[in-house]
Amino acid sequence: MRPRLLHRRIISYLQVRSLSTAPSQLEPLNLLPLNSASTSPKSPPSVLSLAAGDPKQRALSAISLLKSETDPSSIINICRTASLSPAHYLGRAALSVAVSSLSSSPHHLRSLLAPLLHSDHHLPHAISLFGLAGLLDDALSAFRSSPSLRSLNALLFACILSNKHPQAGEFFRDFPVSYRIKPNIVTYNTVIKAFCESGGSRTFYSYLDEMVRKGIKPNLTTFSISLSGFYREERFDDVKKVLWLMKKHGRHAGLSIYNIRIQSLCKLGRPDEAKELLRDMRVRRLEPNWVTYDHLVLGYCCRGNLEEAKRLFEEMGRRGLVPQSSCYFSLVHYLCKGGDFSSALAICRESMERNWVPRFSTMKVLVDGLVGASQVKEAREIVEMVKGKFSWNVELWNKIEDSLPM
């Protein structure tokens, strides 16, 4: 599975803090920059150290070890020693990394998740994790072992995670009747999401009508999912219709809706239109957050307008908004790609001061670019900063340092 696709699926799974809450109701999590050193400790923890500390600290240590571990038995040993649980988001983060690594070893993955199947509270998370690994049949078996509203919602979400979106529609149609389960708002939002992510956004209208008939009031998540789908399919007339339906149902466009619209336009390569929405927010006295700017910075980077991306990044700081790792990494990557190594260096330094280090390939391009621009001293400084903060790959960095001109 491609790393970026896998990363998106992991983040989707992590955002389900409780399966009674729809994914897009939650703020974006910034836990797993999978291709970066991120906030890993200077030296990797040992497996023996995983038994010490509180659950969150054990989960963080487990994530550090799991990122570089490929042996299935060792992965299971790390998870069991750390006593990982999906009860909190860091535990889910660690389990998601482990499950992703074990997706090519179903036997070991089933062994890892077996304890969760015996707990009614954790069963929905096991179902979602099976979906993350692409094992929808296992997710279905887990649901049938203890059918409930929460496990049905998890099964529908597993269809999305496993990229088997049509199955969600079939399960939604059949299982509430056969298992006497009454769907709730999360059930509807999840099945709408399945269609909106697979080119069937216009089914939203029929599901909305059904919700209204059954007395289930659509929420902002319902509309944000449909907006994302219609933008993805470039159905702009439907976008306007959804905004009208929101008002009809007493839902008003707040920050989350604006962020969805801005992100969608940026993904379509239309950041100027997205920035118009930012202006509209200010007219309405609605304050943007770091997520708003993160979308815009990436949008302009992808269009090659690095000057505007830098301007928006600086505007974030003036407004007291703190960029997250994704914003730093995107900007450093595209500045290097565009040959602006001096700006990339300044932003990389700021990122590293917060213990966020871009992926190795980006850092290597930055170092090479600085050398090419006769900034050897700065290139050496970056190498030393990386080595000082993170001991992993130190031999590789030593070779790079030795190859630098005097």
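If you check VAL386, VAL394, VAL367 for being in contact with a Phe, Trp or Tyr (Cβ under 7 Å, 6 or more places away or on another chain) and more than 28 Å from SER264 (Cα to Cα), only one passes: VAL386. Filtered by the rule that a residue be over 24 Å from CYS336 (Cβ atoms) and basic (Lys, Arg), region 284-308 gives ARG284, ARG285. Among the residues of region 138-147, the ones that are over 17 Å from ARG173 (Cβ atoms) and either in contact with a helix residue (DSSP H, G or I) (Cβ under 8 Å, 6 or more places away or on another chain) or among the acidic types (Asp, Glu) (or both) come to 5 in all. The set of residues in region 108-137 that are modelled with pLDDT of 95 or more and farther than 21 Å from ALA93 by Cβ comprises LEU136, ASP137.
Of all residue pairs spaced 6 or more apart or on separate chains, those with beta-carbon atoms under 6 Å, a first member in region 347-376 that is in contact (Cβ under 8 Å) with a residue 40 or more places away in the chain and a second member that is surrounded by fewer than 22 Cβ atoms within 10 Å (Cβ to Cβ) and in a helix (DSSP H, G or I) are TRP356/SER325.
Scanning region 352-372 for residues that are surrounded by 20 or more Cβ atoms within 10 Å (Cβ to Cβ) and closer than 18 Å to SER325 by Cα returns MET352, TRP356, VAL357, PRO358, THR362, MET363, LEU366.
Is it the case, given these coordinates, that ARG150 is at pLDDT 95 or above, part of a loop (DSSP other than H, G, I, E, B) and among the basic types (Lys, Arg)? No: the conditions fail for ARG150. For first residues located in region 57-73 and surrounded by fewer than 15 Cβ atoms within 10 Å (Cβ to Cβ), partners that are modelled with pLDDT of 90 or more and lie 6+ apart or on another chain with Cβ distances below 8 Å form the pairs THR70/SER101; SER73/HIS108. ALA379 satisfies every condition listed in (1) buried (at least 17 other Cβ atoms within 10 Å of the Cβ); (2) closer than 30 Å to ILE257 by Cβ except (2).
The values are calculated or read from the model by the stated rules, or taken from the named source; none is laboratory data. All values derive from a computational prediction rather than experimental measurement. Quick reminder, even Gly has a Cβ in these numbers, built from the backbone with ideal geometry, and neighbours come from all protein chains shown.
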